[in-house]
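Reviewing the structure listed below.
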């Protein structure tokens, strides 16, 4: 039987094939959650061929002198995109997007607010979020990344959007007995608007929502979940920075979900999707849409 067709390997075989010690494999498995081998009834770990390829590639990066953090990031970039990251039906951006860009370029906050309100009234909230707000934010990001907008233009426009959506959110009152969603940006994560949009769409479906500000400490997440006891917890990361800054963050969040089995924990956002291609949580649901929740 060829190596690729062999159904599984014991840890001794995995060590021989990868050039790692058994101790190293166990350490990387428990500390970094890089792979998740199955266990037989007798407790023995068994590894797939893909597991071995992952370990071997990671060892190669480490042998080149990369830190574990660098090696993991390099490996994550080579993983295929998560299937749920693929967009559904494309929605044509509204004409208001270009008008918003023109107003944001000259810091015209009053015109930005007027255009957002006008688009919302014309299309209705759900379509407005999809054909105006999200394309506008994407365009802002593209302009900033290309150096055509500076940080002050990006900040002013984003704050106007955030303030407008926050105002809309406050007008929804689904009552104290509605199912409750508690939403967090992760530590070191400061991109709040995607989470705000998601929570607003859940409010439209009858949920009661609470959003915690940017970059909370992990201990704050832990405490608030225990005190509030929501039906659902949403964890958002638009970048991989939270996981780069704290290599144990995903494992700690996974254990928090394991502790509160009566609460559904969802993690999402581009940064979370990229990171969980490699690190597979056991108790967190990796989600990509309102429908997943």
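State which residue is farthest from residue 204 (Cα to Cα) when the search covers only segment 117-129 and only residues that are buried (at least 18 other Cβ atoms within 10 Å of the Cβ) and without any contact (Cβ under 8 Å) to a residue 40 or more places away in the chain.
The extreme case among them is 119.
Among the residues of segment 199-212, write down those that are over 12 Å from residue 182 (Cα atoms) and either outside any helix (DSSP H, G or I) or within 16 Å of the chain's Cα centre (by Cα) (or both).
Within segment 199-212, 205, 206 qualify.
In a helix (DSSP H, G or I), in contact (Cβ under 8 Å) with a residue 24 or more places away in the chain and at negative phi - does that describe any residue in segment 213-220?
Within segment 213-220, one or more residues are in a helix (DSSP H, G or I), in contact (Cβ under 8 Å) with a residue 24 or more places away in the chain and at negative phi.
Inspect all residues belonging to segment 140-158 and state whether any of them is surrounded by 15 or more Cβ atoms within 10 Å (Cβ to Cβ) and within 30 Å of residue 223 (Cα to Cα).
Taking every residue of segment 140-158 in turn, at least one turns out to be surrounded by 15 or more Cβ atoms within 10 Å (Cβ to Cβ) and within 30 Å of residue 223 (Cα to Cα).
Return a yes/no flag: does segment 242-249 have any residue that is farther than 13 Å from residue 184 by Cβ and touching a strand residue (DSSP E or B) at 6+ places or on another chain (Cβ under 8 Å).
Checking segment 242-249: not a single residue is farther than 13 Å from residue 184 by Cβ and touching a strand residue (DSSP E or B) at 6+ places or on another chain (Cβ under 8 Å).
For the structure I just gave you, tell me whether residue 50 is over 22 Å from the mean Cα position of the chain (by Cα), at pLDDT below 80 and either closer than 30 Å to residue 239 by Cβ or assigned by TED's automatic domain parsing to the domain that holds residue 132 (or both).
yes
If we scan segment 95-117, do we find a residue that is at pLDDT below 90 and part of a helix (DSSP H, G or I)?
Let us first name the residues in segment 95-117 that are at pLDDT below 90, namely none.
No, segment 95-117 contains no residue that is at pLDDT below 90 and part of a helix (DSSP H, G or I).
The values are calculated or read from the model by the stated rules, or taken from the named source; none is laboratory data. Treat the numbers as computed from the prediction; the structure is a model and nothing was measured. Positions of Cβ are backbone-derived with ideal geometry, glycine not excepted, and every protein chain shown enters the neighbour counts.
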